[in-house]
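In what follows, a structure is listed as structure tokens, so that the remarks can point back to it.
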Amino acid sequence: MKKSLLALLLAVALAAPVFAAEKNMWVGGSFGYASVNNDLYDGAITTSSTAWSVEPEFGWTIVDRWDIGLDFEYSSGRVTQFYGLDIGKTLSPSLPFSGFFSADAKTTAIAPFVRYYLAKIAGVDIILKGSFFYAKTDLDVIENGDVPTIGVTGYGISIAPIISYSINETWSIGAKLNFAELTFVHVDVDEDFIKVKADEFGFNLNNGSLISVGIVYHF
């Protein structure tokens, strides 16, 4: 029994410097931004949207090719639409109206994740990241003066590809390809004036930036 315990302690002591040398823990973060403007019906309807997000994270390489970790996300976005007096000339003579619509969304989320290193091509790591997330969104809607606030909660799973390049043993840069992120999410809205339960499945469901870029520090 004593020999077994001594052997275990010796193995741990020998392994500790190896883990330290490999820098198997890391912290980092990513940032994304998107802006889109559209004119419809010869300018009768103008729609613009902007969105940005920050996503700090912490990870740990548990075995070769596998990481686990936790990330947090804060994102904000706005969609604005104007429709002019001459819209009726384009759509229907009986609809000569004008108006304004705007929606602001602020989201906070937490997501434990696992990452698998698929391959290394020309010094670039191809990584697959799977996450389980919980998110809370405050949605402020303004339409011709009315300002209802809607609370939205959601949870689900996502799988996203990442490309990463190691500058040296300590620093690496990378990009998450949001346009190729496959997501399943359950959405729940429970307000006095609106109640919704819905499930969604698809690519880039958050309609945010197509790519999030980031930097990672290994230690």
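On the basis of being outside any strand (DSSP E or B) and farther than 30 Å from residue 219 by Cβ, does residue 179 make the cut? For residue 179, the condition - outside any strand (DSSP E or B) and farther than 30 Å from residue 219 by Cβ - is met. Scanning the stretch 146-158 for residues that are open to solvent by 90 Å² or more (accessible area, probe 1.4 Å), modelled with pLDDT of 90 or more and either of a type outside the set (Ser, Thr, Tyr) or farther than 30 Å from residue 215 by Cβ (or both) gives a single hit, 157.
Residues of the stretch 176-202 being loosely packed, with under 15 Cβ neighbours inside 10 Å and acidic (Asp, Glu), which ones? Matches in the stretch 176-202: 188, 190, 191, 192, 199, 200.
Answer yes if at least one residue in the stretch 34-49 is modelled with pLDDT under 90, part of a strand (DSSP E or B) and of a type in the set (Asp, Glu), and no otherwise. Yes. Within the option set 128, 118, 139, 205, being more than 19 Å from residue 70 (Cα to Cα), out of contact with any Ser or Thr (no Cβ under 8 Å at 6 or more places or on another chain), surrounded by 12 or more Cβ atoms within 10 Å (Cβ to Cβ) and of a type outside the set (Val, Ile, Thr) holds for one residue only, 118. Considering the conditions (1) in contact (Cβ under 8 Å) with a residue 40 or more places away in the chain; (2) open to solvent by 50 Å² or more (accessible area, probe 1.4 Å); (3) farther than 30 Å from residue 60 by Cα, residue 171 is excluded by exactly one of them, (3).
If we scan the stretch 188-195, do we find a residue that is part of a strand (DSSP E or B), touching a strand residue (DSSP E or B) at 6+ places or on another chain (Cβ under 6 Å) and either free of Cβ contacts under 8 Å to residues at least 60 places away in the same chain or of a type in the set (Phe, Trp, Tyr) (or both)? Yes, some residue in the stretch 188-195 is part of a strand (DSSP E or B), touching a strand residue (DSSP E or B) at 6+ places or on another chain (Cβ under 6 Å) and either free of Cβ contacts under 8 Å to residues at least 60 places away in the same chain or of a type in the set (Phe, Trp, Tyr) (or both). The single residue among 205, 139 that is under 23 Å from residue 79 (Cα atoms) and assigned to a loop (DSSP other than H, G, I, E, B) turns out to be 205.
Among the residues examined, residue 129 qualifies as among the charged types (D, E, K, R) and modelled with pLDDT of 95 or more.
The values are calculated or read from the model by the stated rules, or taken from the named source; none is laboratory data. This one's a predicted model, so the numbers in the text were calculated from it and none came from an experiment. Note: ideal-geometry Cβ built from the backbone for every residue, glycine included; neighbour counts use all protein chains shown. Note: areas computed on protein heavy atoms with side chains; ligands, DNA, RNA excluded. Shrake-Rupley method; radii C 1.70, N 1.55, O 1.52, S 1.80 Å.
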